[in-house]
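The next block holds one structure in the form of structure tokens; read it before the comments.
The values are calculated or read from the model by the stated rules, or taken from the named source; none is laboratory data. Treat the numbers as computed from the prediction; the structure is a model and nothing was measured. Because the Cβ atoms are built from the backbone with ideal geometry, glycine has one as well, and the counts that use them run over all protein chains shown.
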Amino acid sequence: MLKDKVAIVTGGSRGIGKAIVEKLASEGCHVAVIYAGNAAKAEEVCNACKEKHGVNAISYQCDVADFNAVKDTVAKIKKDFGTVNLLVNNAGINRDGLLAMMKEDAFDDVIAANLKGTFNMIRQCTSIFMKNRFGRIVNMSSVAGVIGNPGQVNYSASKAGIIGLTKSVAKELASRNVTCNAVAPGFVATDMVKELTDDTAKIESQVPLGRLGTPEDIANAVAFLLDADYITGVVLQVDGGIAI
């Protein structure tokens, strides 16, 4: 049961993150929405959750790649909500380009936001979960981290790293009734995919199910894993079969 649980969702102001926040609120979760820059969008999501579902929802600006900023933000969330039960590491960026021409900062920035950001959040929530002897973590990987993707060596590396991180955390924290799983989306109809190409028909032709995923497809998978008591260390591919 997700009702009355307190969830942190990073990157929760738009796209997949917004859909996850809305799904969890619809299940009765109170939600801490972490965003990088767009305060108005984050506040809009929180207001919608409160008005539609009667839950508590508060937005927090935080650069998840910054260890100390994450520490301070998680402390604020714990003070505001009393505890934390669920963590969804959804925040991520891309800086696409071919390996031969990729600049160092394009690699470093993506690893910092996607992989280190996931570590930072888990690191700061772990003591809360261990004290409560309960916690549910879902990390956002990608099909790019499973099979690789040309032009995304940085992004693919960060998402593959999240898979390894997920499995290690699952083993370390299982004895404290803390599960850790990952969702690996394929191509989802979000702004990030629109930046990759205008020819969505070409992408859809590569997907066995014949369509792009929706943010709601991913949100449903995340909610399933957060509500599962006997699943840990798995990578759930929600990709329409593209990685078969």
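Here is a yes/no grid of residues against (1) in contact (Cβ under 8 Å) with a residue 12 or more places away in the chain; (2) closer than 28 Å to A228 by Cβ; (3) touching a strand residue (DSSP E or B) at 6+ places or on another chain (Cβ under 8 Å); (4) of a type in the set (A, V, I, L, M):
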{"residue": "I20", "(1), (2), (3), (4)": "yes, yes, yes, yes"}
{"residue": "A42", "(1), (2), (3), (4)": "yes, yes, yes, yes"}
{"residue": "C49", "(1), (2), (3), (4)": "yes, yes, yes, no"}
{"residue": "V55", "(1), (2), (3), (4)": "yes, yes, yes, yes"}
{"residue": "A65", "(1), (2), (3), (4)": "yes, no, no, yes"}
{"residue": "N68", "(1), (2), (3), (4)": "no, no, no, no"}
{"residue": "K76", "(1), (2), (3), (4)": "yes, no, yes, no"}
{"residue": "L86", "(1), (2), (3), (4)": "yes, yes, yes, yes"}
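Of all residues in region 120-165, count the ones that are more than 12 Å from the chain's Cα centre (by Cα) and part of a helix (DSSP H, G or I).
First, the residues of region 120-165 that are more than 12 Å from the chain's Cα centre (by Cα): 120, 123-136, 143-158, 160-161, 163-165.
Subset that is part of a helix (DSSP H, G or I): 120, 123-132, 143-147, 153-158, 160-161, 163-165.
Residues meeting the conditions: 27.
Going through region 97-119 one residue at a time, which ones are part of a helix (DSSP H, G or I) and among the charged types (D, E, K, R)?
If we filter region 97-119 for residues that are part of a helix (DSSP H, G or I), which is where we start, we get 99-101, 104-119.
Scanning region 97-119 gives E104, D105, D108, D109, K116.
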*Mind checking whether some residue in region 149-168 is buried (at least 17 other Cβ atoms within 10 Å of the Cβ), within 18 Å of D66 (Cβ to Cβ), among the charged types (D, E, K, R) and modelled with pLDDT of 95 or more?*
no
*Scanning for something among the hydroxyl-bearing types (S, T, Y), touching a residue at least 60 places away in the same chain (Cβ under 8 Å) and in contact with a Lys or Arg (Cβ under 6 Å, 6 or more places away or on another chain), does region 182-196 turn up at least one residue?*
no
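Just name the residue that is surrounded by the fewest Cβ atoms within 10 Å (Cβ to Cβ) out of those in region 66-89 that are of a type in the set (G, A, S) and farther than 18 Å from L115 by Cα. Quick ask: steps written out before the conclusion?
Pass one, region 66-89, residues of a type in the set (G, A, S): 69, 75, 82.
Of the ones still in play, those that are also farther than 18 Å from L115 by Cα are 75, 82.
Working: A75: 12, G82: 9.
Applying the filter and picking the extreme gives G82.
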*asked:* Suppose we filter A42, A25, A32, A19 for residues that are surrounded by 17 or more Cβ atoms within 10 Å (Cβ to Cβ), over 20 Å from S158 (Cβ atoms) and touching a Cys at 6+ places or on another chain (Cβ under 9 Å); which single one remains?
replied: A25
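L24: closer than 19 Å to A221 by Cβ, in a helix (DSSP H, G or I) and among the aliphatic types (A, V, I, L, M), yes or no?
Working: closer than 19 Å to A221 by Cβ: yes; in a helix (DSSP H, G or I): yes; among the aliphatic types (A, V, I, L, M): yes.
Considered against the rule, which asks whether it is closer than 19 Å to A221 by Cβ, in a helix (DSSP H, G or I) and among the aliphatic types (A, V, I, L, M), L24 comes out as yes.
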*Considering only residues of region 200-233 that are touching a Phe, Trp or Tyr at 6+ places or on another chain (Cβ under 7 Å) and outside any loop (DSSP other than H, G, I, E, B), which is surrounded by the fewest Cβ atoms within 10 Å (Cβ to Cβ)?*
I203
